[in-house]
Every structure is written in structure tokens, then in C-alpha cells.
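**Student:** Sending over a structure as C-alpha cells; questions will come in a sec.
The values are calculated or read from the model by the stated rules, or taken from the named source; none is laboratory data. Note that this is a predicted model, so its numbers are computed, not measured. FYI the Cβ positions are ideal-geometry reconstructions off the backbone, even for glycines, and counts take in every protein chain you see.
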Amino acid sequence: MFRSQIRTQLQLATAASLTCTLFYWLFCFSNRTATELFLSSVSVYCSNESTLHLRMISKDVQLPTVCQDLDCKAAYLKHLPLASSSHRADGHHPIPPIRHLLWKNESVSAYFAEQLKTWHRVHPDWTVVLWRDQDLQPFVKKHFPEALPRFMELAPYTIMQVDMVRYMLLFKYGGVYADLDYSLTASLDDHRRFYAVVTREPEAHSLQYFKFQWPPRTLANPAFLMAAPGHSFYRHCINCLQMMPFTRGKPLSFAGPFGLTAILERYSAACPVASSPLETVYIPPSYSFYPYEGNKLNSSGSVYMPMRLVSLKNSCKQVSGTWPEQLRKYCTDPNNLDPVTDKTQPMIAVHDIKKIGAVYDGVGTSLYFQNLTHLRKLFGSKLQMGVEWI
């Protein structure tokens, strides 16, 4: 039943993204003038006015629009403007030092406060912008009026509105969006050298939801995203979400992991070679932003963990000696993620997968709402209200 529901959501997301691709192909082979970039309310941008102040990538260098391995990561860092030095004297990186928080109001539970404190310890000088539920509609109305009808259509489902708005915030202002249940373990400055970062979920999730194969299909993680302002991929996300069909109360196939995965794949397929830095997207290894404790599946307290383990064990029954080594090793103990995890890159952030239930709409453990702390107490003068940014 669960797998059937997931399959349906994946099919919805993929079908909607195909529509976006038609407009993207029209764009990719046009002369990219400002007029031709706009195609009704569903136009999709590769390059846009935001790229005019950037020098284009060298004509002698071809970089993939979407990069998800260490070879193209090295090429990105070598050839993208502003990316070649991890310790720039001027401290300037394409992605600004801003974290966007999306929450109901100005207070969070002690549970979330502990995780937010890790961000302030690692990046005490960052600006933290709080976007309350009441700030979202005015923001969309002013900066993305063409998307307001869809935003209002999602109104009964706050989490779906929140999922959609994060792409708008990153396109408009740049910076970092992360769910409240993310702890930061290391500096993000190295990743700020890129122009966009889309994190991915663990390989075990991909092996469960998609075809059991190696390498697995990438499952994008919308819980942790980074961008330079005006990035083409986030414009693409906004345009696609305006027309993407959705099932009420099922956010995964809309702007959640499955929806984002489909949008990202179509973006990459439509324009495989980047002509501007603001087209490039880096996808780091899952271990850097979505590790399991001890790299063990059963370290999760999620209600989905037992069925995930059962599903993976069932898939392993088909594995034989001719299968890729990674899967053969993994299937000796599906609880141990080491054979299918790239741990060569450092751990940067930890998503609390011990939690149970969703954060929004009053669902979840009492930890989400007990012992409230005002965000001003956590961030002091570094906290700014989103309403002041509108």
C-alpha cells in the first residue's frame, strides 16, 4: 500500500515536470533575449537578467548544469567565477551568509532551539531571517504575483505552501534554507563557493523508492537547499510548481522530495551544459547532509524505518553474484549503509531522523511544542523578521 502510494506520487511529479520540459527546450535553443525568456506564466529560465553581471563560463570549458560527482565538483571549483578559492580575502562567495527560517511564529520548542544553537555556534555572524506563516502570502503577492493563485490553492495545506515558498526565497534573496530539525556540524563556507546546492537523501531511500540498481537514482532533499540570488534552477522550480498537478494532503510529489527530483532531472536533461554560473547546481554526497547515526538504518525512530528495512530486504532477494559489488555487499546486512555510502566528503549537517511525525499542522511529538524559546534569545541582533524584507 505504502509503495503504491509512493509510486503514484512519483508518476504525478514526473508527468508534471515533462510539461515544464517543453518550455525549457524552447528556451534552450532560443537566443536567450529577455523577451524570449518569458513564455506566458510558465516560462522557464536558464540564463536571466541576474546573470548579466557575471562573466560567462569560458567557451573552452563545458561544465554540466547539474553536478553530482567529485570529478565535476573539482571542475566547478576550478572554472566557476568566485569558486576557485575556499578562503577568499574579501570573504565573498556566490551564496550569501543568510539562513531562512520558516515557522509558525517567533518561538520554537526547546527541541528545535538546541538544533538552532548549532547554527549560531558555527556561523555566529550570519543573518537569520524568520518567515512566519503570516508573512508568506504578502511576500508571494509582491514578488511572485503570477504564483499567487497556486499559492492560495494550497492554503488548506500549510506544509505545501511552505515547500513552495522556500524556492521563492532562495531565488529572491539567496542563502540557505534548512528545516528546523537540522543541526550544523561544520562550516558551510566551502559549499557557498557554488552557485546552488541541492542536497540528496541517503542511497537507501533511493534504493527503496526507485529501481534497485547501482548507481541509484538521486533522490533530491528539499529540507536543505542553498542558492545564489537569481539562480536559474530556482526560477525553474517556481515556474514548474505553478502548473504542477498535486494531490491534496500529499506533499511529497509536489514540492517535496519526489517533486523536486523530477524537476531537477528535467532541468538537467533540457540544458545539460551550463553557459552561465547561475545555471550550475552541485549535489553533494548524501553523507554530508543526511547521515544516519553510525550509518545504520535502525538508528532512525521514523515510523517508516521498519517498512523501509523490510522493503530493502525483499529487494535484496533478487541480488546474485553478477550484480554490482556495492549492492552485493550491502545486501549481506541491509541495516548497514556503509557499502552504499560515499563517506569521503565531510559531514556538514545532520537531519534528525530519530523524530516521529511531521513538523507542521500540529502533527508530531510534543517535543515540537514544549518549553518555548523566543528566537531573539537564540540569535540576538542577527535575527531579522521576514516581513521587514518584503
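**Student:** What are the residues in the stretch 228-238 that are of a type outside the set (A, V, I, L, M, F, W, C) and either surrounded by 24 or more Cβ atoms within 10 Å (Cβ to Cβ) or closer than 18 Å to Gln68 by Cβ (or both), if any?
**Tutor:** First, the residues of the stretch 228-238 that are of a type outside the set (A, V, I, L, M, F, W, C): 229-232, 234-236.
His231, Ser232, Tyr234, His236, listed by residue number.
**Student:** In the stretch 242-256, how many are closer than 15 Å to Val198 by Cβ and either charged (D, E, K, R) or buried (at least 24 other Cβ atoms within 10 Å of the Cβ) (or both)? Break it down stepwise before answering.
**Tutor:** To start, the set of residues in the stretch 242-256 that are closer than 15 Å to Val198 by Cβ comprises 255-256.
Those still in the list that are either charged (D, E, K, R) or buried (at least 24 other Cβ atoms within 10 Å of the Cβ) (or both) too: 255.
Selection size over the stretch 242-256: 1.
**Student:** Another question, then. Of everything in the stretch 177-206 that's hydrophobic (A, V, I, L, M, F, W, C) and under 16 Å from Thr118 (Cβ atoms), which residue is surrounded by the most Cβ atoms within 10 Å (Cβ to Cβ)? Before the answer, list the steps.
**Tutor:** We begin by selecting, within the stretch 177-206, every residue hydrophobic (A, V, I, L, M, F, W, C); these are 178, 180, 184, 186, 188, 194, 196-198, 204.
Restricting the remaining residues to those that are under 16 Å from Thr118 (Cβ atoms) gives 178, 180, 184, 186, 188.
On the way: Ala178: 25, Leu180: 18, Leu184: 21, Ala186: 13, Leu188: 22.
Once the filter is applied, the top-ranked residue is Ala178.
**Student:** What pairs come out if I take residues in the stretch 118-134 that are aromatic (Phe, Trp, Tyr) and pair them with residues that are at pLDDT 95 or above and part of a helix (DSSP H, G or I) whose C-beta lies under 6 Å away, six or more apart or interchain?
**Tutor:** Once the first residue is aromatic (Phe, Trp, Tyr) and sits in the stretch 118-134, its partners that are at pLDDT 95 or above and part of a helix (DSSP H, G or I) give Trp131/Gly386.
**Student:** Search the stretch 367-390 for residues being under 26 Å from Pro291 (Cβ atoms) and modelled with pLDDT under 95, and hand back the single one that is surrounded by the most Cβ atoms within 10 Å (Cβ to Cβ).
**Tutor:** The residue in question is Tyr368.
**Student:** On to the next question. Select from the stretch 272-282 the residues that are surrounded by fewer than 24 Cβ atoms within 10 Å (Cβ to Cβ) and of a type outside the set (Gly, Ala, Ser) and list them in ascending order.
**Tutor:** Pro272, Val273, Tyr282 - these are the residues of the stretch 272-282 that are surrounded by fewer than 24 Cβ atoms within 10 Å (Cβ to Cβ) and of a type outside the set (Gly, Ala, Ser).
**Student:** OK, next. Looking only at the stretch 331-347, filter to residues that are without any contact (Cβ under 8 Å) to a residue 24 or more places away in the chain and within 17 Å of Tyr292 (Cβ to Cβ); which one of those is surrounded by the most Cβ atoms within 10 Å (Cβ to Cβ)? I'd like the intermediate steps shown before the answer.
**Tutor:** So the first thing to find is which residues in the stretch 331-347 are without any contact (Cβ under 8 Å) to a residue 24 or more places away in the chain, and the list is 331-333, 339.
Right, trim to within 17 Å of Tyr292 (Cβ to Cβ) and you get 333, 339.
Values: Asp333: 14, Pro339: 18.
Out of the qualifying residues, it is Pro339.
**Student:** Confirm whether Val122 is β-branched (Val, Ile, Thr), touching a strand residue (DSSP E or B) at 6+ places or on another chain (Cβ under 9 Å) and either farther than 20 Å from Pro229 by Cβ or surrounded by fewer than 20 Cβ atoms within 10 Å (Cβ to Cβ) (or both). I'd like the intermediate steps shown before the answer.
**Tutor:** Details: β-branched (Val, Ile, Thr): yes; touching a strand residue (DSSP E or B) at 6+ places or on another chain (Cβ under 9 Å): yes; either farther than 20 Å from Pro229 by Cβ or surrounded by fewer than 20 Cβ atoms within 10 Å (Cβ to Cβ) (or both): yes.
Taking the combined requirement at face value, the residue satisfies it.
**Student:** Taking the stretch 167-176 only, how many residues are crowded, with 23+ Cβ neighbours inside 10 Å and in contact with a Phe, Trp or Tyr (Cβ under 7 Å, 6 or more places away or on another chain)? If you could, list the steps in order and put the result at the bottom.
**Tutor:** Within the stretch 167-176, the subset crowded, with 23+ Cβ neighbours inside 10 Å is 167, 169-171, 174-176.
Still in the running and in contact with a Phe, Trp or Tyr (Cβ under 7 Å, 6 or more places away or on another chain): 167, 169-171.
Selection size over the stretch 167-176: 4.
**Student:** Being over 11 Å from the mean Cα position of the chain (by Cα) and among the polar types (S, T, N, Q) narrows it down to one of Asn239, Asn221, so name that one. Quick ask: steps written out before the conclusion?
**Tutor:** Working: Asn221 fails: over 11 Å from the mean Cα position of the chain (by Cα).
Of the residues listed, the single one that is over 11 Å from the mean Cα position of the chain (by Cα) and among the polar types (S, T, N, Q) is Asn239.
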